[in-house]
Amino acid sequence: MKRRQLMRGMAALCVAASGPGLAWADDGPLTLLVAGPDGAQTSRWGNACALAMSAGFPGSPMIVTQPVGGLDGVTGANRLDALVVPDGTTAAILPGAALIAWLTGDSRVHFDPTRWVPLMAGGGSGVLVMRTQAGMGANLAGLRAMSPLRLAADQPQSNDLAALLALARLGVATAPVFGLRDIDAKTKAFAAGDVDAVFVSGEGVPADVGALAANGAVPVFSLGVQLGDGTVGPDPLFPGLPDVIALNGNATPFLDAAYQAAAAAARLDFVMVLPKLTDPDAVAAWRQAADAAMGMPGLSAAASASAVTLQPAAVLSAAMSALNGVPTDQPDLQAYLAKSFGWQPG
């Protein structure tokens, strides 16, 4: 069954699996602000989560989804910070792309994700694959032997930022081929021999890696998975594949911090949060509903079909903590991207 069908068809499963409700003071509907257009990826996750979470509140109140803005989530994130009252009736779901825009200092950004209150997240994998040379393995030595590495990339303000910083942290010179916006374009470029490496992230990573492997690609490293204690562990979808930190390299403190922030954002397919200053009782109610929703068969099936891991508030909080040091380093990151790739924030 396709991913979209799973998310659209999960309502009955969610209702059947619902348990006792939570103590909730408001009898009216709740709202889930969706940072993205109606029908797009974040919107589909928003609809699925709203259905699943409704049963976690007394009387299963309707959670109304409210799509706002474009695919990168910036407009919706701005709306969350500027216009949403922290009265506990409105949460928001946003793509990880909004965090990348904030990291890189996009001029449209007028929000601060470090002050949001985490509820849950959808975590995805991030894997770099490469074409190997005769006598060289898919490892750090093999990457360095191909320097400058032709990396298929969209632009620095994308999940590819994590790969660019990871390679810099490992001392691998790159010659990114920008403008390859999606995995189909990157796979075609790899098959044609126009690039040597591809960073795969988001939904469906195992299937996308498989398609690249059919064209001779071999996985080199992953971003690992975020753990609730603030550490990063091995990605269970790619057992035995080292993460970037395990490969060491000669990272400066700046590159290390920048990489870890970009990796934290790239690992997040979506985040669900409440606005800053939301009442603690409302936070507890939303978190309990989110925790219950993650265990419901419908939402779990949708996540599994997308190779997305549903993560509780503690894990999202640990991921967001990696962003805390970014504001002071943001000018350095912008200067690095301008010098290395001739890129300026939008």
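Since every read-out is calculated from the coordinates, none of them should be taken as a lab result. Just so we're clear, the structure is a prediction, and the values are computed from it rather than from any experiment. Neighbour counts are summed over all protein chains in view; Cβ atoms, including those assigned to glycine, are modelled from backbone coordinates with ideal geometry.
List of remarks:
- For the chain, the membrane-span-like helix rule (DSSP H, alpha carbon extent of at least 18 Å along the helix axis, mean Kyte-Doolittle at least -0.5) picks out 41-54, 253-266, 280-294, 326-341; this says nothing about an actual membrane.
- Length gained when the stretch Asp256-Val177 is fully extended (0.36 nm per residue, less Cα-Cα span): 26.1 nm
- Tensor-based shape of the range 103-148 (alpha-carbon gyration tensor, a/c under 1.5 rounded, otherwise prolate or oblate): prolate
- Length released on extending from Ala314 to Arg144, taking residue separation times 0.36 nm less the Cα-Cα span: 57.5 nm
- For mean projected area of the Cα convex hull in nm², the candidate list reads (1) 17.8; (2) 31.6; (3) 16.5; the entry that matches the value derived from this model is (3).
- Dimensions of the range 245-346 from C-alpha coordinates, computed as largest minus smallest value along each principal axis and given longest first, are 47, 34, 29 Å.
- If you wrap the range 125-265 in the convex hull of its Cα atoms and look at it from every side, the mean projected area works out to 7.9 nm².
- With both labels modelled 7 Å from their Cα along Cα-to-Cβ, the Val85 to Leu247 distance reads 5.1 nm.
- Helix-only [θ]222 nm of the chain, DSSP H runs n ≥ 4, -39500 (n - 2.57) each, per residue, nearest 500: -12000 deg cm²/dmol
- Student exercise, the chain dipole from Lys, Arg, Asp, Glu Cβ charges, in Debye to nearest 20: 720 debye
- Full-stretch length increase - Gln66, Asp112 - with 0.36 nm per residue and alpha-carbon distance subtracted: 14.5 nm
- Put simply, when 314-324, 152-162 are sorted by average Cβ atoms within 10 angstrom per residue, most first, you get 152-162, 314-324.
- Antiparallel bridge percentage (DSSP; both residues within the chain; nearest 5): 65 percent
- Ranked packing of 208-221, 34-47, most packed first, by mean Cβ within 10 Å: 34-47, 208-221
- Count of lysine pairs in the chain with Cα separation under 29 Å (8 or more residues apart, or interchain): 4
- Checking every one of the trypsin sites (Lys or Arg not before Pro) in the range 96-152 against DSSP loop status and a limit of 16 other Cβ atoms within 10 Å picks out Arg108.
- Around the Cα centre of the range 125-265, unit charges on the Cβ atoms of Lys, Arg, Asp and Glu (plus for the first two, minus for the last two) sum to a dipole of about 400 debye.
- Peptides 165-174, 239-248 ordered by average Cβ neighbours within 10 Å, highest first: 165-174, 239-248
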